[in-house]
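Input: a single structure, listed below in structure tokens.
The values are calculated or read from the model by the stated rules, or taken from the named source; none is laboratory data. Just so we're clear, the structure is a prediction, and the values are computed from it rather than from any experiment. Counting neighbours? That spans all protein chains shown, and the Cβs are built from the backbone with ideal geometry, glycine included. The area values use the complete protein model at the heavy-atom level, side chains included, leaving out ligands, DNA and RNA. Shrake-Rupley method; radii C 1.70, N 1.55, O 1.52, S 1.80 Å.
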Amino acid sequence: MQGRGTFISPFTRPRCLAAAAPVGKAKLTHPGKAILAGGIAGGIEICITFPTEYVKTQLQLDEKANPPKYRGIGDCVKQTVQGHGVKGLYRGLSSLVYGSIPKSAVRFGVFEFLSNHARDESGRLDSTRGLLCGLGAGVMEAVFVVCPMETIKVKFIHDQTSANPKYKGFFHGVREIINAQGIRGTYQGLTATVLKQGSNQAIRFYVMTSLKNWYKGDDPNKSMHPLVTGSFGAVAGAASVFGNTPLDVIKTRMQGLEAHKYKSTLDCALRIMRYEGLAAFYKGTVPRLGRVCLDVAIVFIIYEEVVKVLNTVWKTD
């Protein structure tokens, strides 16, 4: 009885309480599953999107002082196909295939490991902690995988613009680089790469975590359709492009065949500003935007779907 003349049925109370009760704790992803799913996602993604990465890198290496060889994206594609055929757009793919699998594996494995310890009592990961976990994942992948992989990729792509390309293939190229410069030759631009990858993943996981929390609301276990996951991934990818393309340009210059003319990451940035202007820090933004949005969308879709499959065959709870 509540108030005068007001009767509340005892049968309605449980339903009201049930409606207000919190949902179950969010399910955590085992780091082992994240490593496997991330590796699969990375390998598939790079085979789909590599031509846009090739064009982006060529435009970033095309300095105004030379003068520029390419008039834009279309011209770069046209000259490449005319000179080397369609397969020319895949020059350097092998280095990224060999690197993308461990890169994505490290990224998602580290992120899930860190986020599993950063979630609250309900298993929810807030945006700020998502950013920090993404930062940690980006730094780890930069040091262990991305820097040597990207250095080799950039040298391969840059080598194709030479009158007499000297690298005959992935393993031959790696051997030549190490013979000439030692292991250090595969770690050019480490500082720029750490800054780029760290900020990349911090931005992406921050945006992705924010969007997922918004979409799922009070139900952390609410399923997401692959198209929703892909859309959120594309937004996260676009945010990272606009947020750190200047770092990507500096990293690319520090890893090119003419990297020796830069004393440091800061010197490279100052030289670009002095001789090419502020706009040079956003070279390759359009092809990078197309590649990254597609890249992040595909990776998150494949990752989430592979994790779902693994959850049915690999019990870790």
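Structure notes:
- Pairs over the 27 Å Cα-Cα cut-off, from the set Lys56/Lys196; Lys56/Lys103; Lys27/Lys196: Lys27/Lys196.
- Per residue, the chain reaches -23500 deg cm²/dmol at 222 nm when only DSSP H runs of four or more residues are counted, each adding -39500 (n - 2.57).
- Computed extension gain for Leu28 through Arg124, at 0.36 nm per residue and net of the alpha carbon distance, reaches 33.6 nm.
- Average accessible area per residue (Å²) across the chain - probe 1.4 Å, nucleic acids and ligands excluded: 50
- At R0 = 22 Å, FRET efficiency that the Cβ-Cβ distance of Leu132 and Lys216 yields, to 0.05: 0.60
- Label-point gap, in nm, between Tyr282 and His225 - each point 7 angstrom along Cα→Cβ: 3.4
- Ligands, DNA and RNA left out, the accessible area of the chain computed with a 1.4 Å probe is 63% carbon and sulfur.
- Added length on full extension, which subtracts the Cα-Cα distance from 0.36 nm per residue, Gln79 to Trp314: 79.7 nm
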